Amino acid sequence: MPTVVFRAGKEDLEENPEALFLNSDIVENPPKENGAYAPISVCGYIGLILLSCIPIINLVFLIICASGGAKKITVKNYSKAVLIIYFLFAVILMTLWIAFGNFWSTLLNSTIF
């Protein structure tokens, strides 16, 4: 199925609304999504999520994929996003532990069991 590619700019359309159709080309073979830009299937996402649930292995897997070990761009972006979320949660937990760790230890040591 041919794809229509429009070459009319915003200025052309303001002056002449028919310019959208006058300056169009029909491309017989549009570029297909393959290789690095191919979408990931549902099973692929399920596999990524399951691998992300296994402790220690998930960090190794995500670091390898985020640093260029994955062939598909979507896997690289997914890995980077999950690593950023892990890092943010680690920073938040460390901050809370530093801020309230002494409070909880004092509270637990002062109660009599």
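Highest-first packing order for the peptide set 45-51, 95-101 is 45-51, 95-101, based on the mean count of other beta carbon atoms within 10 Å. In this label model, residue 92 and residue 38 are separated by 3.6 nm, measuring between points 7 Å along each Cα→Cβ vector. As a proxy for reagent exposure, 67, 79 were ordered by neighbouring Cβ count within 10 angstrom, fewest first; the result is 67, 79.
We did not get these values from a lab; they are worked out from the coordinates using the rules stated. A quick note: this is a predicted structure, and the numbers were derived from the prediction, not measured. Ideal geometry is used to build each Cβ from the backbone, glycine not excepted, and the neighbour counts take in all protein chains shown.
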